[in-house]
Every structure is written in C-alpha cells, then in structure tokens.
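The structure under discussion appears below in the form of structure tokens.
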Amino acid sequence: MITDDPGTPGNGKWEINLAVAFEHRPGETSYDLPAIDLNYGVGEHIQLTLQTSPVLLTRSGHGAVGGIDGTEAALKWRFVDEEAKGVDVSMFPRIIFNVVQSSVRRGLSQPGTRFRVPVQVARKLGPWHGDVEFGPLTNSVGRREWLYGIVGGIDLAKTTMLMAELHGTSRMNFTSDVLIANFGLRHEFTETRILIMSLGQEVRSPDQPRALIGYFGMQLVY
C-alpha cells in the first residue's frame with residue numbers, strides 16, 4: 001500500500017519488493033518497469049531503504065519516452081513495540097532526489113529534492129490490522145505539504161490479507177488536497193515469497209484529471 005507501516009525485516013534480513021506499477025490519466029499512462037524497493041534490517045528496530053524505478057511514459061499522439069524516476073533513500077526506526085506497549089510506532093525520514101535530470105524535463109519525475117519525516121502507528125486486534133501515517137513533505141522546488149494515510153486490513157486466512165486505504169497529500173493549511181482510495185491483497189505463497197497487489201483511484205484531485213493507479217509485485221524475504 002502507499003501508506004507505510006512500522007514493520008522492519010529483522011536483523012541482517014532483506015525485504016525486496018519487485019513490481020510492475022502504473023498511473024493512468026486521460027491521454028497518458030506511466031509504468032514503473034519494475035518498481036524496485038530494497039530494505040535491509042539493522043538490528044530488530046532499524047530498516048535501511050532504497051527505492052527507484054525505470055519509467056515508461058506514453059501519451060496520446062506522442063511516442064513513448066523512458067527514463068529513471070526519483071530515487072528514495074530512507075531510514076526507518078521503530079521505537080515502540082507492540083509486544084511491550086500494545087502498539088507499534090516508527091519514524092521513517094527519507095530523501096527523494098533525481099539521479100538523471102533529463103527525467104524531469106521529460107515529465108517522468110518531479111523536480112527538486114523532497115524530504116519526508118512521517119510517523120507510523122500500527123496495531124493488531126485479532127484478524128484486524130490498522131495502520132496510520134502522518135508527517136510533513138518539503139520540496140526544494142514548490143510548496144510544502146502534509147502527507148497522511150490510513151489502512152485497515154483483515155486476515156481472510158492465515159496467509160491472505162485484504163486491505164483498504166485512504167492516502168492523501170495537502171497543503172500546510174489542509175487545502176487543495178489529493179486523496180486516493182486504494183484496495184490491496186497480500187498472499188503468502190511461502191514465508192519468503194509473498195504476492196502484493198493493489199488497485200486505486202484518486203477521488204479528489206483539484207489540479208489535474210483523476211488518476212487510476214495499480215501495483216502488482218512479489219516480496220522476497222531472506
């Protein structure tokens with residue numbers, strides 16, 4: 001899902017997410033081929049993250065263009081554990097930057113360097129899962145914003161979870177917000193091979209046509 005959770009891979013473990021993702025608006029579609037999300041556990045409470053993706057953009061009446069999307073480097077610190085306190089809480093500061101500036105000119109990535117410092121809170125109640133995220137988003141080019149998200153999930157079986165999400169960004173005065181409704185599925189084939197997929201729609205987008213988004217991938221844990 002778009003909203004992050006406080007979970008970490010565990011000491012010395014890798015969590016690698018490889019997926020095909022897309023965003024479609026009238027007249028144009030962008031594809032992450034693939035979306036790459038690398039996570040490594042340092043101790044039981046720290047996660048190092050690196051994300052990037054090759055992007056293909058198609059527009060009506062134009063040829064396809066390709067390049068590299070923004071690259072994200074992050075560190076997650078889970079400083080409250082559910083086992084001890086009944087709830088998981090983490091901070092996940094990150095920096096998002098452009099390795100290839102031509103991607104900005106081609107409309108494949110956002111300009112400038114972005115900084116996020118969100119906090120995540122999660123709790124389980126039987127088969128139910130809840131996760132909330134909130135924090136500031138600062139851009140070296142453009143306005144400052146808030147990001148926020150809430151995810152609810154239910155275990156349909158021991159290996160399968162169904163999820164629903166609301167995720168958004170807004171200006172610092174909580175106006176001109178973009179809001180996405182998203183639905184996801186997580187299914188464990190094995191402890192180390194996990195299917196993750198979602199499909200969502202912008203339900204509020206004041207500055208441009210609403211987007212349809214999708215994600216289909218595998219999570220590898222070892």
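The values are calculated or read from the model by the stated rules, or taken from the named source; none is laboratory data. Predicted model, so just to flag it, every value in this text is computed and none were measured. Calculation scope for accessible area: heavy atoms of the full protein, side chains included, ligands and nucleic acids excluded. Shrake-Rupley method; radii C 1.70, N 1.55, O 1.52, S 1.80 Å.
Values computed for the structure shown
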quantity	calculated
Helical contribution to [θ] at 222 nm, DSSP H n ≥ 4, -39,500 (n - 2.57), averaged over the chain, rounded to 500	-500 deg cm²/dmol
Rg(Cα)/(2.2 N^0.38 Å) for the chain, N = residue count	1.02
Scattering curve values for region 100-222, log₁₀ I(q)/I(0), Debye with Cα scatterers, q = 0.13 Å⁻¹	-0.68
When region 129-178 is reduced to its Cα atoms, the Kirkwood hydrodynamic radius in Å	12.5
The chain: most fluctuating residue of SER170, SER90, SER60 per GNM, C-alpha cutoff 10 Å	SER60
Overall form of region 179-222 per C-alpha gyration tensor (a/c, 1.5; a/b vs b/c)	prolate
Listed residues PHE22, PHE134, PHE216, PHE92 arranged by accessible area, highest first, probe 1.4 Å	PHE216, PHE134, PHE22, PHE92
Radius of gyration and maximum dimension Dmax of region 1-129, Cα, Å	17.3, 58
Distance between region 1-45 and region 180-222 - C-alpha centres, whole angstrom	10
Debye log10 I(q)/I(0) at q = 0.17, 0.23 Å⁻¹ for region 159-201, Cα point scatterers	-0.58, -0.75
Accessible surface of region 28-83 [probe 1.4 Å, protein heavy atoms]: carbon and sulfur percent	61
